[in-house]
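The values are calculated or read from the model by the stated rules, or taken from the named source; none is laboratory data. This structure is a prediction, so every number in the text was calculated from the model and none was measured. Quick reminder, even Gly has a Cβ in these numbers, built from the backbone with ideal geometry, and neighbours come from all protein chains shown. Ligands, DNA and RNA are stripped out before the accessible areas are found, and what is left, the full protein with its side chains, is counted by its heavy atoms. Shrake-Rupley method; radii C 1.70, N 1.55, O 1.52, S 1.80 Å.
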Amino acid sequence: MKNKPTTSRRDFIVKSLTAISAVYFIPDIITKAESAKPLAQEVTSDTKWAMSIDVDKCAKGCTACVDACVEENGLYGFDRPETDSQWIRKLTIKNIKDDKIKVVPMLCQHCENPPCCDVCPTGASFRRVDGIVMVNQHTCIGCRYCMMACPFKARSFVHENLTEQVTNAPRGKGCVESCNFCANRIDHGISTTACEEACMKEGHNAISFGDLSDTKSRVNSALKKKDNRRLRSDLSLKQRVTYSGI
Amino acid sequence: MHQLAIRLLLSILILVTPNVFSHDGINHSLIGKSKADSQEQCVEPTEIMQKEHFVFLYHQRDKTVIKGVRTKNHSFANCIDCHVSYDEKGKAIPINSEGQFCQTCHVQTAVNIDCFSCHASVPRGRKSVAKITLENEHNFHITKLTNEIINHVGDYSGEK
Amino acid sequence: MDKIVFRKFIIDSKTFWTMFFGLGFFILVGFLCSHYMETEGHYVTGMNNQIVWGLPHIFAVLLIVIASGVLNIASISSVFDKKLYKPLAPLSALLAMAFLISGLAILVLDLGRPDRLIVAMTTYNFKSIFAWNIFLYSGFAAVLGLYIWTMLDRNVNRFSRPAGIFAFTWRIILTTGTGSIFGFLISREAYGTAILAPLFIIMSLLYGTVVYYLILRTINYFQKTLVSEEIISNLRKLTILFLFANLYFLVLYHVTNLYIAKHQAFEKFILLDGGVYTFAFWFGQVIIGLILPIYFLLSDKKKSESSMIKSTFLILIGSFIAMYVIIIAGQAYPLKIFTNYEILESSFFDNVVHSYIPSIYEFGLGLGGIALSLIIVLVGVANLDFLPTIIKGHKPEDKTDSVSQ
């Protein structure tokens, strides 16, 4: 967001105009999501958000999902890889049997029995009834016990003062944070997370997100197409994020 | 054709009364003031707001974070959007900086709030977006475009 | 007949204030360090998203473990009704209180948001062992307060035995809880076994005993209190006993881990090829912390003071390293996310053994915590009647006399 090229005033006015018109008119020409919940309604357990990741489709060298997440949630780092937050990251893995190399995105697995929530002393780590595991940053005291408990290293601690947060994703020093399935987006009726959107935009379609209760959802069709499995199934955490192809 | 004319009219209307409708967070007629300056009333009667604004905020905060309720009326993001002022360059001034809306009264009453260590003190980033689905390619293209434009415009609304 | 009375610590005011300000300086430094970490954020520390618990937790857990351990003397006197130890029980309870408070202070000051302590005290998640520990700790402080009161106030003296038994039970549960903080972490290979709880109890017995001995000796240096040779030799015997018990449980812990298929890779790491962690384990925890003290104590046929003091220091160094091995090495070992795959590359260090280089601030905070516990002891003994003294023909310093009336 820094060092942007200077744009002429006219250019700028034209762009603002387009932006305004886009915001005002596009909703009309695009069909609304059928299952979108009214903003005033509380989430219910009838909705079951889930994600399926097809590892065979995940492209080497592509970081579209990671970039989109950074963009969506304002996760700008400080070039300190050890302390910068990562909600989704890409791993390169090698099969120990046939030496095949694959890449996978790793993110919060949104367990149905989340260890992070079991250990959290204040209950700030919680599972929303629609299956999203997240941190209530208003009650998080920053003890980091959840990070000790997570088998996937899905969580990050904010190690410094932040100033460039985006309005849609507040975050700040001293609290733990992690992927929340873009709760803010989906509550506003968008049926895709930033990472899935980016992956589809790239044409890879490795990530499929959606509601398990909705038979037509993308995640359900992905689950039907291929055998999915959970990581660390020995812990019986019943994650909502599943993988096929590994 | 008829529809188009209405839309055109509407867009002109939007452009001439940006205080009311502006969604990009910056507008030249807002310089030196906030959207609230040209409004009659807050989201609740003013006397109630003066005494109980934090009750609404605390209530909304739990409703939103735990139950996923996203009503706009008491939303924190919305307070900031409406109450933030713009400087002579049309840049939003952090709402908690000296002399600004969320700060002046609090100094007088020695209230200390930490909300802005996490919450953006100016409208920043993508607006809470229109309702769209992404079931087909065409829409994809449009969202992409919209987002790009909005993000770009966001650059102007002046961070920091 | 001899009579035991409890007296204040009589120390000339110059020494007292020197100690007071010396310790106060460290507390101030510790506080400034924590303040700096809090305002800047944790990136100034050695902790990061890989090693999430660092030096402050080593200090804090160690102090809490010691807190429950120093209560030994009081427990022996009240639970097992040993008259010999009775005069020393109040001091023991005071030490427990002091170490507990300072351990907790470090834990709280290291939180990401210490300002939200009130949240931690008012909203509990009863599924969390951590929340139960908050209960156990604050409860322990209250129980100790009660116990000290029953011992020091003649009017309620008859309740001191039940209070002592209660405190003893509480501390066993407390240390079990502390061990379980790690024992419940099923996802990490180093933890997630039930043996960690008894291991912590047995560690607390050892560390508590030697810390008690050290403090007693320090007080003794300034003022002859009632410490009979019998007690000293008993403390020595206890230390040897606990050393062997520790060794036994350590072996048990690692042998059971070797039998659990999931934990074998970690065992290989810690015992053989973990670099600095393997070294810390063998050289620090085992040799310095257990073998050398056993050797010094057993080889010294004269049972001299110096061998005991030497062992005490070695055990305390060893205790610190033991905590380092449990807390840091357990996190340094990478998580095994995939069963059939090995991680080659990651931007989040999933494939490497993490290293931890603590910063000076964390160290300052830890030392501040220790100073805090010592200052509580100092002020406590100087202002309240904690130290036993014999009234017998005006010869209070005669310590060869047995206590029993």
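Some observations on this one:
- Taking a span of 15 Å or more along the helix axis (Cα atoms) and a mean Kyte-Doolittle hydropathy of at least -0.5 as the rule, the DSSP H helices of chain A that qualify are A:9-29.
- Accessible surface of segment A:197-240 [probe 1.4 Å, protein heavy atoms]: carbon and sulfur percent: 46
- Within 10 Å of the Cβ of each residue in C:186-195, the mean number of Cβ atoms contributed by other protein chains is 3.
- Accessible area (Å², 1.4 Å probe, nearest 10) - C:PHE59: 10
- Chain A and chain C together bury an accessible surface of about 5100 square angstrom, both sides counted, with a 1.4 Å probe and no ligands or nucleic acids included.
- Just so you know, the averaged projected area of the alpha carbon convex hull for segment C:228-348 sits at 9.0 nm².
- Applying the Karplus relation 6.51 cos²θ - 1.76 cosθ + 1.60 with θ = phi - 60° to segment C:305-312 yields 3J(HN,Hα) values of 4, 5, 5, 5, 5, 4, 4, 4 Hz, where x marks Gly and Pro.
- Accessible-area composition of segment A:133-173, carbon plus sulfur, in percent [1.4 Å probe]: 58
- Heavy atoms of A:LYS153: accessible area, 1.4 Å probe, square angstrom to 10: 20
- Heavy-atom accessible area ranking, 1.4 Å probe, most first, across A:MET147, C:MET97: C:MET97, A:MET147
- Part-to-part distance (alpha-carbon centres) for segment C:124-185 and segment C:201-216, which is given in Å: 18
- Computed on protein heavy atoms with a 1.4 Å probe, the accessible areas place C:VAL79, C:VAL276 in the order C:VAL276, C:VAL79, largest first.
- For the set B:PHE76, C:PHE283, the ranking by accessible area, highest first and with no ligand, DNA or RNA atoms included, is C:PHE283, B:PHE76 under a 1.4 Å probe.
- For segment C:108-129, accessible area lost to neighbouring protein chains reaches 20 Å² or more, against the chain alone with a 1.4 Å probe, at C:LEU111, C:GLY112, C:ARG113, C:ARG116, C:VAL119, C:ALA120, C:THR123, C:ASN125, C:LYS127, C:SER128.
- Built amide H within the under 5 Å cut-off of C:PHE349, gap 5+: none
- Charge context of A:TYR145, other residues only, Cβ under 13 angstrom, K/R +1, D/E -1: +2
- Area projected by the alpha carbon convex hull of chain C, averaged over all directions, nm²: 21.5
- Average accessible area per residue (Å²) across segment A:60-180 - probe 1.4 Å, nucleic acids and ligands excluded: 29
- Sequence-distant residues sharing a close amide H with C:LEU344 (under 5 Å, placed H): A:THR92, A:ILE93, A:LYS94
- Buried on assembly, segment A:92-110 (at least 50 Å² less accessible surface than by itself, 1.4 Å probe): A:THR92, A:ILE93, A:LYS94, A:ILE96
- Residue-count net charge about A:CYS111 - beta-carbon cut-off 11 Å; Lys, Arg +1, Asp, Glu -1: +3
- Interface between chains B and A: roughly 5300 Å² of accessible area buried, both sides summed (probe 1.4 Å, protein heavy atoms only).
- In this structure, the residue pairs whose Cα-Cα separation is over 31 Å, taken from A:LYS37/B:LYS33; A:LYS201/C:LYS127; A:LYS226/C:LYS127; A:LYS102/B:LYS67; A:LYS90/A:LYS173; C:LYS83/C:LYS310, are A:LYS37/B:LYS33; A:LYS201/C:LYS127; A:LYS226/C:LYS127; A:LYS102/B:LYS67.
- Cysteines not pairable in chain A (beta carbon separation under 4.7 Å absent): A:CYS58, A:CYS62, A:CYS69, A:CYS111, A:CYS117, A:CYS120, A:CYS143, A:CYS150, A:CYS182, A:CYS199
- Placing unit charges on the Cβ atoms only, positive for Lys and Arg and negative for Asp and Glu, gives chain C a dipole magnitude near 1420 debye about its Cα centre.
- Pairs from C:LYS14/C:LYS302; A:LYS97/A:LYS153; A:LYS216/C:LYS336 whose Cα-Cα separation, in the structure shown, is over 29 Å: C:LYS14/C:LYS302; A:LYS216/C:LYS336
- Average beta carbon contacts from partner chains per residue of C:330-338, 10 Å cutoff: 4
- Among C:84-91, A:207-214, the peptide with the highest mean count of other Cβ atoms within 10 Å heads the list, and the full ranking is C:84-91, A:207-214.
- Overall, the accessible surface of segment C:87-157 at a probe of 1.4 angstrom is composed of carbon and sulfur to the extent of 73 percent.
- Cα gyration tensor category, rounded, prolate or oblate, for segment C:143-248 with a/c compared to 1.5: oblate
- Over every Cα atom in segment C:70-218, the radius of gyration and the widest Cα-Cα span, Dmax, amount to 16.5, 53 Å.
- Helical mean residue ellipticity (222 nm; -39500 (n - 2.57) per DSSP H run of 4+; nearest 500) of chain C: -20500 deg cm²/dmol
- ³J(HN,Hα) computed for each position of segment C:112-123 - Karplus, 6.51 cos²θ - 1.76 cosθ + 1.60, integer Hz, glycine/proline x: x, 10, x, 5, 9, 3, 4, 5, 5, 7, 10, 10
- All-pairs alpha carbon distance profile, chain A, 5 Å steps from 0, percent: 1, 6, 12, 16, 18, 17, 13, 9, 5, 2, 1, 0, 0
- Mean Cβ neighbour count within 10 Å, used as a protection proxy, ranking A:182-189, B:61-68 highest first: A:182-189, B:61-68
- The distance separating the Cα centre of segment C:1-51 from that of segment A:195-246 comes to 53 Å.
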